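K.L.:
Here you go, one structure.
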Amino acid sequence: MDLNIHTTQPLLSIRGLHKSFGSNKVLDNVNLDLFKGENKVILGRSGSGKSVLIKCIIGLLPIDEGSIQILGQPIPEFGTPDWNLVRKNVGFLFQSNALYDSMTVYENLAFPLRRLKRTLSSKDQSLLMQEALREVGLEHTGNMMPAELSGGMKKRIALARTIILKPQIILYDEPTTGLDPITSKEIMSLITSIQKTHGTASLIISHDMNVVRECSDSVVMLINGTCYAEDSYSNLLHSKDELIVPYFN
């Protein structure tokens with residue numbers, strides 16, 4: 001599976017995506033493109049299908065109809081080993097952080113390296129872990145356990161684990177949920193910094209309007225299961241569309 005792609009093509013392309021659970025249609029003909037260096041926010045109400053969309057992209061849920069291409073290639077069949085090749089290039093920041101409670105910070109960071117970059121020497125793994133911790137400002141936490149970390153620190157460690165493989169695409173699922181305003185600002189600043197430093201393409205699922213305002217190059221309105229509108233935050237802020245106005249008031 002070749003994951004090289006020309007930079008003028010979208011790194012992520014979704015066409016005609018449908019996903020239902022029984023009679024409940026959650027995603028209805030979703031179309032979306034994400035380009036290199038772009039931060040795109042998916043904005044919608046709770047239960048609008050934002051998290052379902054991101055789970056379809058990374059293969060946690062099979063799609064019913066349509067297509068998803070990542071780095072120019074169709075996503076593998078649901079459950080096949082080819083997903084490991086995709087996940088080297090696509091980082092996912094879980095809303096819950098998903099740190100392993102029984103592992104130290106270093107062990108949490110080493111987990112994706114040992115699984116997906118098995119040829120790396122211990123020295124190279126250590127250098128990557130130190131670099132990732134330095135990037136999120138937590139160089140001193142390597143031997144700490146998740147239980148010893150604050151909520152904001154856990155989010156930063158989860159972000160360090162996300163970037164340690166140097167993915168071309170990062171998917172953020174509600175990155176500021178449960179965080180205080182100051183910590184939320186710090187996470188938003190990191191999201192922007194990572195975009196600038198690494199040139200990553202980021203798809204950010206959020207209903208936090210501060211994230212939408214501060215982190216987005218473009219905003220997709222997910223309404224009634226479809227990408228109802230896509231524009232800059234500024235343009236959507238001044239929209240007169242009766243379905244868009246409530247989000248920005």
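K.L.:
Among the candidates Asn84, Asn39, which residue alone is of a type in the set (S, T, N, Q) and under 24 Å from Leu243 (Cβ atoms)?
P.N.:
Asn39
K.L.:
Could you identify the single residue in Leu120, Leu127, Leu165, Leu171 that is surrounded by 15 or more Cβ atoms within 10 Å (Cβ to Cβ), free of Cβ contacts under 8 Å to residues at least 40 places away in the same chain and not acidic (Asp, Glu)?
P.N.:
The match here is Leu120.
K.L.:
Using beta carbons and a limit of 7 Å, which pairs, at least six apart or on different chains, have the first residue in the stretch 230-249 and of a type in the set (Phe, Trp, Tyr) and the second one surrounded by 12 or more Cβ atoms within 10 Å (Cβ to Cβ)?
P.N.:
Taking only residues 6 or more apart or on different chains, the pairs are Tyr233/Val212; Tyr233/Arg213; Tyr233/Ser216; Tyr233/Val219; Tyr247/Leu43; Phe248/Leu236; Phe248/Leu237.
K.L.:
Within the bounds of the stretch 176-190, is there any residue that is among the aliphatic types (A, V, I, L, M), touching a strand residue (DSSP E or B) at 6+ places or on another chain (Cβ under 7 Å) and buried (at least 17 other Cβ atoms within 10 Å of the Cβ)?
P.N.:
No, because not a single residue in the stretch 176-190 is among the aliphatic types (A, V, I, L, M), touching a strand residue (DSSP E or B) at 6+ places or on another chain (Cβ under 7 Å) and buried (at least 17 other Cβ atoms within 10 Å of the Cβ).
K.L.:
Could you list, in sequence order, all residues of the stretch 42-65 that are surrounded by fewer than 16 Cβ atoms within 10 Å (Cβ to Cβ) and closer than 11 Å to Ser206 by Cα?
P.N.:
Arg45, Ser46
K.L.:
Can you tell me which residue among Ile204, Ile187, Ile194 is within 20 Å of Phe92 (Cα to Cα), modelled with pLDDT of 95 or more and of a type in the set (Val, Ile, Thr)?
P.N.:
Sole residue among the options that is within 20 Å of Phe92 (Cα to Cα), modelled with pLDDT of 95 or more and of a type in the set (Val, Ile, Thr): Ile204.
K.L.:
State which residue pairs qualify: first residue assigned by TED's automatic domain parsing to the domain that holds Asp217 and inside the stretch 175-196, second residue aromatic (Phe, Trp, Tyr) in any location, beta carbons under 7 Å apart, and separation of 6 or more residues or different chains.
P.N.:
Listed pairs, sorted by first residue: Ile191/Tyr172.
K.L.:
Report the residue count in the stretch 219-247 for those that are of a type in the set (A, V, I, L, M) and over 22 Å from Lys25 (Cβ atoms).
P.N.:
Going through the stretch 219-247 one residue at a time, the tally reaches 4.
K.L.:
So, one more: Among Phe111, Phe78, Phe92, which is at pLDDT below 85, among the hydrophobic types (A, V, I, L, M, F, W, C) and either surrounded by 16 or more Cβ atoms within 10 Å (Cβ to Cβ) or outside any strand (DSSP E or B) (or both)?
P.N.:
After applying the criteria, what remains is Phe78.
K.L.:
Go over the candidates Val52, Val41, Val30 one by one and state the one that is among the β-branched types (Val, Ile, Thr) and at pLDDT below 95.
P.N.:
The conditions single out Val52.
K.L.:
Which ones in the stretch 128-145 are in a loop (DSSP other than H, G, I, E, B) and β-branched (Val, Ile, Thr)?
P.N.:
Result: Val136, single match.
The values are calculated or read from the model by the stated rules, or taken from the named source; none is laboratory data. Everything quoted here is computed from the prediction, not taken from an experiment. For neighbour counting, all protein chains shown are included, and Cβ atoms are generated from backbone atoms with ideal geometry for every residue, glycine included.
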